[in-house]
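Contents: one structure, followed by commentary.
Since every read-out is calculated from the coordinates, none of them should be taken as a lab result. Bear in mind the structure is a predicted one, so any value in this text is a computation, not a measurement. Every residue, glycine as well, gets a Cβ built from its backbone with ideal geometry; the counts of neighbours run over all protein chains shown.
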Amino acid sequence: MDSRPDRVQIWASQLAANDFPPVCAMTGRPAETWRKFRFATPPDWAYALLALVVLGGIGIIAYAIVIASISRRASGYLPLTKRSRLLLNLYMWGTAALFPVFLVLLIAGIVLAGNTDDQALGFVAGTMIVTSVVLLVAFLVLVVLRRWIGPGAKVMEPPIGYYDKPVELRRVHPTFVGAIHQMQATRMAKIARPT
């Protein structure tokens, strides 16, 4: 586990129970709302399966299915400000909207190009196809960049004798990390104090 100031280790059950102080995980300000996050971490050996990608489309699909099925998962709600939640939602919905627009423009451009001899309409069809390719590239870039936008996590194997998985939250605000450490210290002090 890394001891960087933007990381903190919690349990998957804590994430599922939304057991956090009311501090925004992204900004460190007082939290106003909660947003659900789903984290998945494939085992380290799974990256050897990237060799499936050389098989083309079928290999990419097979790789995605295998990685999705063997990944360790944890989900739950993290506290956020309304602005942080809005920005994350805009990013996610904006990224998701690019793919159908890409498909519509590509299909319309191909159909228009195939059914016209008019040079002006041919130019419009070509513009639609080029725009669709630009949208596809933008979609793929935003999908890859999602890994670095907002909180992330590494879900680890449960230690021997435990059923709960440790989760290392990453890219969270140092104030949020400090609040979690304070909460954990308070709980440990209560457990250690004799009754």
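Amide H to amide H distances under 5 Å link Val23 with Ala31, where only residues 5 or more positions off or on other chains count and H is placed in the peptide plane. Translational diffusion coefficient of the chain (Stokes-Einstein, Kirkwood radius from Cα pairs, 10 °C, 1.306 mPa s): 79 µm²/s. Note on the range 8-192: with charges restricted to the Cβ of Lys and Arg (+1) and Asp and Glu (-1), its dipole about the Cα centre is near 860 debye. Residues of the range 174-190 falling in the label zone of Arg4, defined by backbone nitrogen less than 20 Å from a point 7 Å along Cα to beta-carbon, are 174-181. Provide the percentage of antiparallel DSSP beta bridges, counting only those with both residues in the chain; round to the nearest 5. The antiparallel proportion sits near 100 percent. Short-range pairs are left out: with C-alpha atoms under 8 Å and at least six residues apart, the relative contact order of the range 26-185 is 27 percent.
With the simple spin-label model, which puts each label point 7 Å out from Cα in the Cβ direction, the Arg193 to Ile110 separation comes to 6.9 nm. Extending 7 Å from Cα along the Cβ direction at Thr186 and again at Ala46 yields two label points whose distance is 3.6 nm. Compared with the alpha-carbon gap, the fully stretched path from Ile61 to Thr175 is longer by 37.0 nm at 0.36 nm per residue.
Select from Ser71, Met183, His173 the residue farthest towards the positive end of the dipole of the chain; place +1 on Cβ of Lys and Arg, -1 on Cβ of Asp and Glu, and compute about the Cα centre. Comparing the listed Cα positions along the dipole, Met183 ranks first. Mean residue ellipticity, 222 nm, helices only, the chain: the sum of -39500 (n - 2.57) across DSSP H runs of n ≥ 4, divided by residue count and rounded to 500, is -17000 deg cm²/dmol. The Cα-based radius of gyration of the range 108-195, divided by its Kirkwood radius, gives an Rg/Rh of 1.45.
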